[in-house]
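Every number here is computed from the coordinates shown, using simple stated rules; none is lab data. Note that this is a predicted model, so its numbers are computed, not measured. Note that each Cβ is placed from the backbone with ideal geometry, even for glycine, and that neighbours are counted across all protein chains shown.
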Amino acid sequence: MLLSPASTPSQTGHMNSRSAESVRIEAVSKMYGEFRALDDVSLTVEAGEFVAMLGPSGSGKSTLLMAVAGFIRPDRGRIFFGGSDIVRLPANQRGFGVVFQSYALFPHMDVMANVTFPLNVRGVPQDEARRRAAAALDVVKLGGFGGRRIGELSGGQRQRVALARAIVFEPKVLLMDEPLSALDKTLREEMQMEIRELHNKLQITTLYVTHDQREALTIADRVAVMNKGRIVQLDSPEAIYRRPTDEFVARFIGEATILPLAKARGMVAGDLGAVEPSARALMVRSEDFCLSRAGGDGGWLTVSGLLRGIVFQGDSWLLQVDLADGQAITARAQKHFSAEVGALEVGQTVELHVRRDRVHLL
Amino acid sequence: MTALNPAASLREADNSAHLAWDARLERLVSFAFTLPCLMVVALCVLVPCAWLFFLSAYGADGRMSLENYQRIVDGASYARIFVTTFQVALATVVACVVIGVPFATFINSLPPRRSVLFLAAVLLPFWTSLLVRAYAWLVLLQRTGIVNSVLMGLGVTNAPLELAFNHFATVLGMTHIMLPIFILPVLGAMRNIDRALIRAAASMGATRGYTFRKVFLPLAAPGIAAGAILVFVMSLGFYVTPAILGGGNVTVISMRIARSLSNYSNWGAASALGVLLLVFTALLFALSYGVQRILLSRQRS
């Protein structure tokens, strides 16, 4: 009874070690007419790992998820799970929990009937099914909601029911397709933490699709950034943010200024140090720009430009600065720089400083 | 004049009366668009119906009486006609459900372009006249018709089968006509079913059959109910098809009404039959409305 709130640690431990399995996607391709939805994609989600696929719409992230779920048949490639290739196995024989963007709750059934559905399919006796469904609803903090109609639930509650329904049959893999995209920001952030906690508790191998970069960084052990049907970078959230492998990833995640090296050499004051010959541009995160060299023990780079605008955004100020050649830079000054920001006037020249170790070369 | 123009007389600080007047004006204007339609309905439906009620309440001697209704209640032949009419209509509904639900499911599963093709095939009969279709069936079904020739040619049967001029032929012809009317609302309901629901069921391990029974069919049920009621109610009033394909062996209410008028010029009797049919139909509509509301309220989302 993994989902029973009163389950002992040993039971939970047993569940963790036994049920986690890896999913290995090997060279999967899918064409829609002339459109290359998946282009030779390989990805391994380790047992018990949480991988988020992040990318703009049309990047192939949902297509890949649907291929793993068994709803889309790829043109080529293999998907390994539990030691065998499941790419030809029908969706209903894969036993993966799936949470859909639209929740896909059955509108003609109440909450309890929705959550017991996968158990009824498996022939679990009705009283046991109800007990397990109630436990799953407790896990998603919807205890006592069993008798509600789907139409009576809020978006967040529907999301939780969908989650309960996907985990109630103790799947070894959980697939989630933009599950939070329909929720408002506050609720979305709350649910991100809850899904993360749930994953820590259940340790189900999870593949998660989102177009929200912050969500991907928050929720996942590793993030696969996708573009044009390919995985362009697969790494830990911090590595993705700090050390993007190319300009697409740098621009897609976070706020970054990217300067071609040739241009930067003329405009940036300070020692760039050793530069790999393959590097073509440098990237600086907006929040790494400083208005002064606070605590500087060497290793600073400085760039100056025309201050075009200051925007107050609550936790920080956004400074828009134009360099001599017209290239725009976005810098963020945190709250505690309010004195410095207050002294600035639009139209004046400003110097922006950045620590050398915060400059990433692409 | 100020009384008729609130805009001039109302001068509150919060402007609420002006805004309420604007809202009312808007509703009135949009209601005005329904006026031509309402007038047609009043002239062509309500007035004749009232006239029907009026006529049915007068006896052969021109005095007000319930003798027209009394005759229907007393006469065994009338009861038989009502039973026949309802039997034929019900059989048509059953045939439409048996043929139409699987077919609509099939069309719904097709990619858009091909589904249009199949839908066109279903709707094609709409463009041929009732009479032509009834006679076309006769060509197929009569003793020397194509079906019998083929069956006898193949040695399936020695003597021609009685395929025409009976209930079977009548229901067949009516099903042919009603099928598109049944399929359209059913397909509408099916098209509204979120495909993610079917996928969700599969992801939880359900087979296609289980998903069809537990998810697809219950969600299509309001459309099926709407189609069935529509077919049933329309089938109650059929005249041409039972007259031709029934060949005198199937007497439905509309045929009796026609005979009362053309043979006996008995407006009272014909009107009473018409009124009864109208009442039954109205009752069925009310019933179906109730059933539909229950079905829909069970899946509000």
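Across region B:120-245, Cα pairs under 8 Å and at least six residues apart give a relative contact order of 34 percent. Expressed as a rounded percentage, what relative contact order does chain B have, with Cα pairs under 8 Å and six or more residues apart? That works out to 24 percent. Each of A:VAL284, B:MET190, B:THR84 was scored by the projection of its Cα onto the charge dipole of the protein assembly as shown, and the greatest displacement toward the positive side belongs to B:THR84; charges sit on the C-beta of Lys, Arg, Asp and Glu. Relative to the longest principal axis of the Cα atoms of chain A, the long axis of helix A:155-167 makes an angle of roughly 60 degrees. Within chain B, helices built from complete DSSP H runs that reach 30 Å or longer along their own axis (Cα positions) and carry a mean Kyte-Doolittle hydropathy of -0.5 or higher are B:76-109, B:167-191, B:267-297.
About its Cα centre, the dipole of chain A is roughly 900 debye, where the only charges are +1 on Lys and Arg Cβ and -1 on Asp and Glu Cβ.
Compared with the dominant principal axis of the Cα atoms in chain A, helix A:185-202 is inclined by about 60°. When the helices of chain A are scored as -39500 (n - 2.57) per DSSP H run of n ≥ 4 and the total is divided over every residue, the value at 222 nm lands at -8500 deg cm²/dmol. With unit charges on the beta carbon (Lys/Arg positive, Asp/Glu negative), name the residue among A:ALA129, A:LEU54, A:THR245 whose Cα is farthest towards the positive pole of the charge dipole of chain A. With unit charges placed on the Cβ atoms, the residue in question is A:ALA129. Simple point charges give the picture: +1 on the Cβ of Lys and Arg, -1 on the Cβ of Asp and Glu, and for chain B a dipole about the Cα centre of about 920 debye. For chain A, the tally of Lys pairs with Cα-Cα distances below 20 Å comes to 6, considering only residues 8 or more apart or on different chains.
Where both bridge residues fall in the protein assembly as shown, DSSP classifies roughly 75% of the beta bridges as antiparallel.
With +1 on the Cβ of every Lys and Arg and -1 on the Cβ of every Asp and Glu, and nothing else charged, how large is the dipole of the protein assembly as shown about its Cα centre, in debye rounded to the nearest 20?
Working: 64 positive and 51 negative charges, 409 e Å.
Dipole magnitude for the protein assembly as shown comes out near 1960 debye.
Structural size metrics of the protein assembly as shown, computed from C-alpha coordinates, are Rg and Dmax of 36.4, 120 Å.
When only Cα pairs under 8 Å and 6 or more residues apart are kept, what is the percent relative contact order across chain A?
Values: 719 pairs, mean separation 60.4, N = 362.
This gives 17 percent for chain A.
A dipole drawn for the protein assembly as shown from +1 and -1 charges on Cβ atoms has a positive end, and of B:PHE118, B:LEU283, B:GLY246 the residue lying farthest that way is B:GLY246. Stretching the chain fully between B:ARG259 and B:ARG80 yields a gain of 62.9 nm (0.36 nm per residue, less the alpha carbon separation).
When chain B is treated as a GNM with alpha-carbon contacts under 10 Å, the residue of B:THR157, B:THR175, B:THR281 showing the greatest mean-square fluctuation is B:THR157.
Across all Cα atoms of chain B, the radius of gyration (one decimal) and Dmax (whole number) stand at 26.0, 94 Å.
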